[in-house]
Amino acid sequence: MGSVPKILLVDDEERFAKSLQIILMHYDYPCTVAFSGAEAIRFLKEGSFGIALLDVNLPDMSGCDILDFINSARIKTTSIMLTGISTVETAVQAMKQGAYDFLSKPVNHELLLKTIGNAFRHHTLTWELAASEKRFKVLAEASMEGVVVHHNGNLIEANNQFFSMFGYTKEELGQGIFLDKILTPSSRQIVNQH
């Protein structure tokens, strides 16, 4: 994880945005500035950003609207909300929408840099986990054997070969199939030792 995230900074206060951009670039963070929500959405459609710093109050739309766009377009960007008018309701709304954090302006630079670092680690781990899960599913489906994943004896994932071997459906898996329904007592004993 030696790379640095490319940052999209969205704020309509030009002096604030330019000074924050200079600080971020001083710490080797590539930083693109958008002065409106429309400009931010255009940049998000055209490029890839590890972190989006979103001002909550923009003239044409809110930072939460941009966050909605990021979520609906499934853009792989972690968002940190910035606001000069900190309200609990706005913070709660942003966090429910998936914002990583919510910082008040004026921004403490050390806190911002720490938050960006933590957010990028979170961003990287989230996408690595998703890629790993996708690879696991591809491998499980390619297997000629029935493959299942269980948690405390409750089956939570299975490949198509398992369903054809045992005659269960994916819907039944969601309703709860337990290892004791498919394994002999001696096989359950071996599974429980691991």
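On full extension, the segment bounded by residue 150 and residue 15 gains 43.1 nm, given 0.36 nm per residue less the C-alpha separation.
Full-extension gain between residue 132 and residue 188, please, as 0.36 nm times their residue separation minus the C-alpha to C-alpha distance. It would help to have the intermediate numbers written out before the result.
Values: separation 56, 0.36 × 56 = 20.16 nm, distance 2.75 nm.
Value of the extension gain: 17.4 nm.
Given (1) 0.94; (2) 1.37; (3) 1.16 as candidate values of Rg/Rh (Cα atoms, Kirkwood Rh), which corresponds to the one derived from the coordinates? Computing Rg/Rh (Cα atoms, Kirkwood Rh) and matching it to (1) 0.94; (2) 1.37; (3) 1.16 gives (3). In whole percent, how big is the carbon plus sulfur part of the accessible area of the chain, probe 1.4 Å, protein atoms only? That share works out to 55 percent.
Only DSSP H runs of four or more residues enter the estimate; each adds -39500 (n - 2.57), and after division by the residues of the chain the mean residue ellipticity at 222 nm equals -16000 deg cm²/dmol. Taking 0.36 nm per residue of separation and subtracting the Cα-Cα distance, full extension of the segment from residue 85 to residue 170 would add 25.8 nm. Once backbone amide H atoms are built at 1.01 Å from N, residue 103 has 81, 82, 83 as its partners under 5 Å, excluding neighbours fewer than 5 places away on the same chain. Of all lysines in the structure, the ones whose alpha carbon falls short of 18 Å from that of residue 18, not counting any fewer than 8 places away in one chain, are 6, 105. In this simple spin-label model, placing a label point 7 Å from the Cα along the Cα-to-Cβ direction at both residue 4 and residue 28 gives a separation of 0.6 nm.
Would you please classify the overall shape of the range 1-87 from the alpha carbon gyration tensor, given that a ≥ b ≥ c denote the square roots of the eigenvalues, rounded means a/c under 1.5, and beyond that prolate means a/b larger than b/c while oblate covers the rest? Since a/c reaches 1.5 but b/c is at least a/b, the shape of the range 1-87 is classed as oblate.
Among DSSP bridges having both ends in the chain, what percentage is antiparallel? Round to the nearest 5.
Details: 6 of 23 bridges.
Roughly 25 percent of the DSSP beta bridges within the chain come out antiparallel.
Quick one: what does P(r) look like for the range 80-194 with 10 Å bins over all Cα pairs, in whole %? Bins of 10 Å from zero give 11, 27, 20, 17, 17, 8, 1 percent of pairs. What the range 1-72 shows is 49 Å² of accessible area per residue, with the surface traced by a 1.4 Å probe over protein heavy atoms.
The values are calculated or read from the model by the stated rules, or taken from the named source; none is laboratory data. Remember, it's a predicted structure, so these values are computed and weren't measured experimentally. As a convention, Cβ positions derive from the backbone with ideal geometry for all residues, glycine included, and neighbour counts pool all protein chains shown. In case anyone asks, the SASA skips ligands and DNA or RNA and just uses the protein heavy atoms, side chains included. Shrake-Rupley method; radii C 1.70, N 1.55, O 1.52, S 1.80 Å.
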